[in-house]
Amino acid sequence: MLKIGVLGLQGAFREHKHSIESCGQEALIVKKKEQLDEVDGLIIPGGESTTMRRLIDRYDFFEALQEFGKSGKPIFGTCAGLILLASEINGQSHAHLGLMDMVVERNAFGRQRESFETKLEVKGVAEDFEAVFIRAPHIVNVKEDTEVLATYDGQIVAAQQGHYLAAAFHPELTDDHRLTQYFIELVKKSKLKLAAQ
Amino acid sequence: MSQIGTDRVKRGMAEMQKGGVIMDVVNAEQAKIAEEAGAVAVMALERVPADIRAAGGVARMADPTIVEEVMNAVSIPVMAKARIGHIVEARVLEAMGVDYIDESEVLTPADELYHINKRDYTVPFVCGCRNLGEAVRRIGEGASMLRTKGEPGTGNIVEAVRHMREVQKQIKEVTNMAEDELMVYAKENGASYEVLLEIRESGRLPVVNFAAGGIATPADAALMMQLGADGVFVGSGIFKSDNPERFARSIVEATTHYDDYKLIGELSKGLGTAMPGLEMSTLTDSDRMQDRSE
């Protein structure tokens, strides 16, 4: 069995834990950076990206998270997690972890009253994925080695660059665990690859 | 085909706030201090509850200029309060693009019988509750988030503790009930049978439940988290304290690490004076905001 961590500083981490467990794997809520050593992959959940970043700094998580990603272990960022992964944020001089080469726009669809749910085609995952967008960001552009997995209204809303996965919506808020399962497959592959090295 | 204002979208918004602190602010400067300290949202108000209490008279929705000023100052979500049952104040706040409306007993109720039918709105609502009956009635009316009522503006945690304990105790009761006992429970508590059934199946409320009303220190915030709160509202506790920046930061940290006592001890060192507190027995019946409308 794999052990997947969920960064538990703030936000919808319990729902991700539930989703991982529904896929038959073990989940660990990561509140201290030492716990990163125990997990094979990590989900950075939705929440408030500004708040999460402050807590990341205060608990000295920043470098540990970057090292985790650079060691080849997969990271999946949803909504705020996607913003934390991006190398550039429109209108802000500083990005956060900068692990994925992409430019993102915060609150790209508007305020809460414009938040919505829809059925999305997510490449390699599902043709009718139930996607819940809450004050969601979108990806403005990606590098050549990044695969666009889903678009909505012409905007990129899910992408993958090697072992990094990002979604602007919230797979943890529905009973549709197919995207979580997709991430678990990614973690499986990386674990085999890292073990062979 | 996409849909706005669904239960999942409205309740989901509150899910994203979990483990966080929502702070009352009265201007852009305070909103920035709150955001900087790590608040997950701010509540834009004309006066914090302690000042509303002191001023007396009728408390209404804030001047839209203040709400707008706060919305322009921060990128985190902005909430605002409407009077209980005041359909138009709520519509005005929705039209302004406020992210969450608190149908709040801190303001003077506009309707002593009916709450707003919150299902009609695209914007989600948070409401206060003192027990499971109130919680379930508000969910029935379409609230997407709950909070304890506590006793706002007192800096005294005792009522918030009472309300959180009561709700948790009743959830346990319902969870252990046979299905045929549930209808009588629904009748006695004025609570929707369907929502109770859902609680019985899942063992928890279908929406998040924050603590509010009397939180003044990092230890207060951590206490409420330990009692099962999903997050914390701090009203007067921050900007009525000696050192708002430090109080704000420390309360955020204590909420995240509510079971790290050494850390809470560190956070509490030399913090300065908390907001002035009020003892419950000094309040008259008409001073008690929590008793407004159930």
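The values are calculated or read from the model by the stated rules, or taken from the named source; none is laboratory data. Please read these numbers as outputs of a predicted model, since none were measured by experiment. Cβ sites come from the backbone with ideal geometry, for glycine too, and all protein chains shown count toward neighbours. Accessible surface is based on the protein model in full, side chains and every heavy atom, while ligands, DNA and RNA are left aside. Shrake-Rupley method; radii C 1.70, N 1.55, O 1.52, S 1.80 Å.
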Of the accessible area of chain B, with the probe set at 1.4 angstrom, what percent is carbon plus sulfur? 48 percent
Could you size up the charge dipole of chain B around its Cα centre, putting +1 on the beta carbon of Lys and Arg and -1 on that of Asp and Glu, and report it in debye to the nearest 20? 220 debye
Rg/Rh (Cα only; Kirkwood hydrodynamic radius) as it applies to the stretch B:1-158: 0.94
Looking at B:A191, B:L107, A:L2, which one has the Cα that reaches farthest to the positive end of the dipole of the protein assembly as shown (charges on Cβ: Lys, Arg +1; Asp, Glu -1)? A:L2
Of the options A:F116, A:F68, A:T78, report the single residue whose Cα projects farthest towards the positive end of the charge dipole of the stretch A:3-196 (beta-carbon charges: Lys, Arg +1; Asp, Glu -1). A:F68
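If DNA, RNA and ligands are ignored and the probe is 1.4 Å, what is the ranking of A:F129, A:F13 by accessible area, most exposed first? Please list the in-between numbers first.
On the way: A:F129 0, A:F13 35 Å².
Result of the area sort, largest leading: A:F13, A:F129.
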Cross-link pairs beyond the 24 Å C-alpha cut-off, checked among A:K33/B:K32; A:K31/B:K262; B:K118/B:K240; A:K70/A:K143; A:K3/A:K119; B:K32/B:K262: A:K33/B:K32; B:K118/B:K240; A:K3/A:K119; B:K32/B:K262
Is there a simple number for the mean count of other chain Cβ atoms within 10 Å of the Cβ of residues in A:50-60, and what is it? 5
Average partner coverage of A:7-15, which counts Cβ from other chains inside 10 Å: 5
Peptides B:209-217, B:283-291 ordered by average Cβ neighbours within 10 Å, highest first: B:209-217, B:283-291
Calculate, axis by axis, the spread of Cα positions in chain A along the three principal axes, and write the results as whole Å, longest axis first. 42, 36, 33
Calculated from DSSP H runs of 4 or more alone, at -39500 (n - 2.57) each and per residue, what is the 222 nm mean residue ellipticity of chain A, nearest 500? -8500 deg cm²/dmol
Over the Cα atoms of the protein assembly as shown, what radius of gyration and what Dmax do you get, in Å? 22.1, 73
Dipole of chain B, positive end: most advanced residue of B:G231, B:N156, B:G140 [Cβ charges, Cα centre]: B:G231
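Which value, in debye to the nearest 20, gives the size of the charge dipole of the protein assembly as shown about its Cα centre, when Lys and Arg are +1 and Asp and Glu are -1 at the Cβ?
On the way: 55 positive and 75 negative charges, 134 e Å.
Dipole about the Cα centre, nearest 20: 640 debye.
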Relative contact order of chain A, please, whole-number percent, based on alpha carbon pairs below 8 angstrom and at least 6 residues apart. 19 percent
